[in-house]
1. Set the Förster radius R0 to 30 Å, insert the Cβ-Cβ distance between D347 and H194 as r into 1/(1 + (r/R0)^6), and round the FRET efficiency to 0.05.
2. Holding the Cα-Cα limit at 31 Å, pick out from K49/K229; K66/K214; K141/K215; K66/K343; K177/K249 the pairs that are longer than that.
3. Please report the spacing between the Cα centers of region 1-70 and region 254-286 in Å, no decimals.
4. Sort 15-23, 87-95 for me by packing, meaning the mean count of neighbouring Cβ atoms within 10 Å per residue, highest on top.
5. Which is farthest toward the positive dipole end of the chain among G62, F147, Y172, measuring Cα position about the Cα centre, with Cβ charges +1 (Lys, Arg) and -1 (Asp, Glu)?
6. At a Cα cut-off below 17 Å, give the aspartates and glutamates reachable from K132, other chains included and same-chain residues fewer than 8 away excluded.
7. Among all helices in the chain defined by DSSP H, which have a length of 27 Å or more along the axis from Cα atoms plus a Kyte-Doolittle mean of at least 0.0?
8. What's the FRET efficiency of K60 with S274 using the Cβ-Cβ distance as r and R₀ = 51 Å, to the nearest 0.05?
Amino acid sequence: MKSQELVFTNNVGDAIDEIVGKINPCNVFVLVDVNTASFVLPRLQALSKTVAEATVITTKAGDMHKNLDSTAAIWKRLGEEGATRHSLLINVGGGVVTDMGAFAAATYKRGITFINVPTTLLGAVDASVGGKTGVNLGVLKNEVGVFRQADCVIVSTLFFNTLTSEELRSGYAEMLKHALLNDKSSFDRLIERHVEDFDADTLLGLLEKSVLIKKDIVDSDPEEKGLRKSLNLGHTVGHAFESLALERKSPLPHGYAVAYGLVTELVLSKLTLSFPSDLLHKFAAYVKEVYPGFYFSCDDYPRLIALMRHDKKNSSTADINFTLLENVGEVRIDCVIGEEEIKNAFDITRDLLGI
Ligand SMILES: NC(=O)c1ccc[n+]([C@@H]2O[C@H](COP(=O)([O-])OP(=O)(O)OC[C@H]3O[C@@H](n4cnc5c(N)ncnc54)[C@H](O)[C@@H]3O)[C@@H](O)[C@H]2O)c1
Ligand SMILES: [Zn+2]
């Protein structure tokens, strides 16, 4: 898989026009969901001649619509509006639009060119970069898809002012994860303040650093055969928290679940790899302040452990596999941890977060 072109700019219109000029497609389509159709598209049409002249395809918003029916509707519109193998699709939206639009483009006529313009922080820092495209199949998340990098990703903070603070904080958790995987100075910088307190240009600088951390990891292992597993940090436990919250019918934003998952996995890192205690405490204090609202008790431990075991990465083994840290930037993949140690880590997590 070729490496991905990433452009970091708040002059999004000029960037799109320049890149599309270089690609020189025979026609251009823009995919939006109903929310980016009203919050983002008019601004982008005013900024970019390409977008103003493109055929717009609008899909429903939300992960429940990231499925094969919506994909088929996109393929159908492309066909009806005269798309060819030399057409270009520009995906303008959050992770739902970039995952599904990328999948639709990667498969339409065996693959047309596409560009991602992420409009959520989660999309910018994670979903739009790295080549994982796909859709859900029933309750199975991201079950159908292909690895295919966008021809270009244009990362900006221009459209974040219409996101809720919950959405911003959720995306920021993935930035915290990237910092933990990479270097202490990024980590210190991020936990200094709340994401809402950065101005657009400062946040763009932090975002650039964060996305490049993911890009380096993906470039070294594009199809997740080894090192890319480090990006699972916080997610083995995080996914279990997310599923538990869903079972309780009080869904948790993905990044909130990841933030709590990171705390538990840093506790495990301390218990098994001597991750520094002071950093664990600093991080847990930040999560406690910024990501309130989730509770679990010892009654939930068996269910949480069962959920982790059912995670596809751990299906057949008795123990559970984790990505852990010896220190910030010192990653150990495939750490196998037993149940008692995990329960112990849950106890400590609850103490640290005051729950
Ligand atoms: N491919 C990957 O590597 C990868 C990684 C992480 C997550 N994902 C996927 O990403 C999706 C989650 O991404 P998300 O959180 O961006 O979800 P999303 O695309 O559903 O966006 C969240 C909400 O914000 C709205 N929205 C988007 N931009 C907006 C803007 N600028 N102003 C106002 N509203 C806006 C959307 O319409 C939606 O209602 C999931 O489907 C997940 O599986 C993929
Ligand atoms: Zn995540």
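Every read-out reported here was derived from the displayed coordinates using simple, explicitly stated rules and does not represent laboratory data. Being a predicted model, the structure only gives us computed values, none of them experimental. Cβ atoms come from the backbone with ideal geometry, glycine included; neighbour counts cover every protein chain shown.
1. Working: r = 28 Å, r/R0 = 0.94.
In this case the efficiency is close to 0.60.
2. On the way: K49/K229 40 Å; K66/K214 23 Å; K141/K215 23 Å; K66/K343 35 Å; K177/K249 26 Å.
Pairs exceeding the cut-off: K49/K229; K66/K343.
3. Using only Cα atoms to place each centre, the spacing works out to 37 Å.
4. Numbers: 15-23: 16.6, 87-95: 26.8.
Packing proxy ranking, top to bottom: 87-95, 15-23.
5. Selected residue: F147.
6. E5, D63, D99, E143, D151, E174, D216, D219, D221, E223, E224
7. Details: long enough: 200-220 (30 Å, 0.47).
Membrane-span-like by this criterion, though nothing is claimed about a membrane: 200-220.
8. On the way: r = 48 Å, r/R0 = 0.94.
Rounded to the nearest 0.05, the efficiency is 0.60.
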